[in-house]
1. Just need a number here: residues in the stretch 78-108 that are open to solvent by 30 Å² or more (accessible area, probe 1.4 Å) and under 17 Å from Asn55 (Cβ atoms).
2. Pairs needed: first member in the stretch 15-29, under 20 Å from His106 (Cβ atoms); second member anywhere, assigned to a loop (DSSP other than H, G, I, E, B); C-beta distance under 6 Å; at least 6 residues apart or different chains.
3. Between a first residue in the stretch 166-180 that is closer than 16 Å to Thr124 by Cβ and a second residue that is open to solvent by less than 60 Å² (accessible area, probe 1.4 Å) and charged (D, E, K, R), which pairs have beta carbons less than 7 Å apart while being 6 or more apart in sequence or on different chains?
4. Could you list, in sequence order, the residues of the stretch 33-47 that are open to solvent by less than 40 Å² (accessible area, probe 1.4 Å) and among the aromatic types (Phe, Trp, Tyr)?
5. Is it the case that the stretch 128-136 has a residue that's among the basic types (Lys, Arg) and free of Cβ contacts under 8 Å to residues at least 12 places away in the same chain?
6. Would you mind stating whether Ser23 is open to solvent by less than 70 Å² (accessible area, probe 1.4 Å) and more than 15 Å from the chain's Cα centre (by Cα)?
7. Check Asn50, Asn55, Asn4, Asn61 and return the single one that is closer than 24 Å to Arg107 by Cβ and either open to solvent by 60 Å² or more (accessible area, probe 1.4 Å) or acidic (Asp, Glu) (or both).
Amino acid sequence: IRTNLMLAERGGYTKLVERLNASDTTLTVEDFQLIYYGYQTTPHYYSKENEFKENLIKPLNKSGQYKQVLELSDSILLVNPVSIVAHFEKSYACAQLGQKELEAFHRKRYILLCNVIKLSGNGTALLRYNSNSTNDALEFIAFKGLKAIHDFKTETGLIQFDLSKNNQKLTHLYFYIPVKAYTPPLIESE
């Protein structure tokens, strides 16, 4: 409810996203948080189809199909303007295609959105990170230079991501992901 009020005060979600896309330098940290978490208040949140598309992008980028990556990223960002995966992968594809300005635009969005998640906590069970989706959480974990090897929902409803061995000596990170946007691993037993 608080988010809805704050969004209304700033002219609504669409207006804030337009300001983000126009690289409005007057946007505050609070505005960026509203833009990221405010996505949960839109009718488009949460789309299985978008998650499916996000999962397709990385392999397309790895196999050098950059033009398809741009098309797919654009179709995701139309529905979810704060898809961390789409911004990251589009930035990479633009770099490969020599589209320097677009690459910089999407890289900045990616870093900005990762920093919004970073501000939400510290990854402990007490101060968990908040993320819009499993894919955003995984992309954020990679942003921190870590790799998730397994995830599951704890009794308290948090999502625990177990991490592969790393220099930061972290074994896992905790996230809050809204129920409809958390996709548990397929191998989980009932």
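1. Residues of the stretch 78-108 that are open to solvent by 30 Å² or more (accessible area, probe 1.4 Å), as a first pass: 78-79, 88, 92, 95-103, 105, 107-108.
In the following step, the residues that additionally are under 17 Å from Asn55 (Cβ atoms) were identified as 79, 88, 92.
Total meeting the criteria: 3.
2. Final answer for the pair search is Leu16/Arg10; Val17/Pro81; Arg19/Leu27.
3. Thr171/Asp162; His172/Asp162
4. Once the filter is applied, which keeps residues that are open to solvent by less than 40 Å² (accessible area, probe 1.4 Å) and among the aromatic types (Phe, Trp, Tyr), the stretch 33-47 yields Tyr36, Tyr39, Tyr45.
5. Filtering the stretch 128-136 for residues among the basic types (Lys, Arg) gives 128.
Of the ones still in play, those that are also free of Cβ contacts under 8 Å to residues at least 12 places away in the same chain are none.
So far as the stretch 128-136 goes, no, none of its residues is among the basic types (Lys, Arg) and free of Cβ contacts under 8 Å to residues at least 12 places away in the same chain.
6. yes
7. Criteria check complete, one pass: Asn55.
The values are calculated or read from the model by the stated rules, or taken from the named source; none is laboratory data. Predicted model, so just to flag it, every value in this text is computed and none were measured. We place every Cβ from the backbone using ideal geometry, glycine too, and count neighbours over all the protein chains shown. These accessible areas exclude ligands, DNA and RNA; they are computed on the full protein's heavy atoms, side chains included. Shrake-Rupley method; radii C 1.70, N 1.55, O 1.52, S 1.80 Å.
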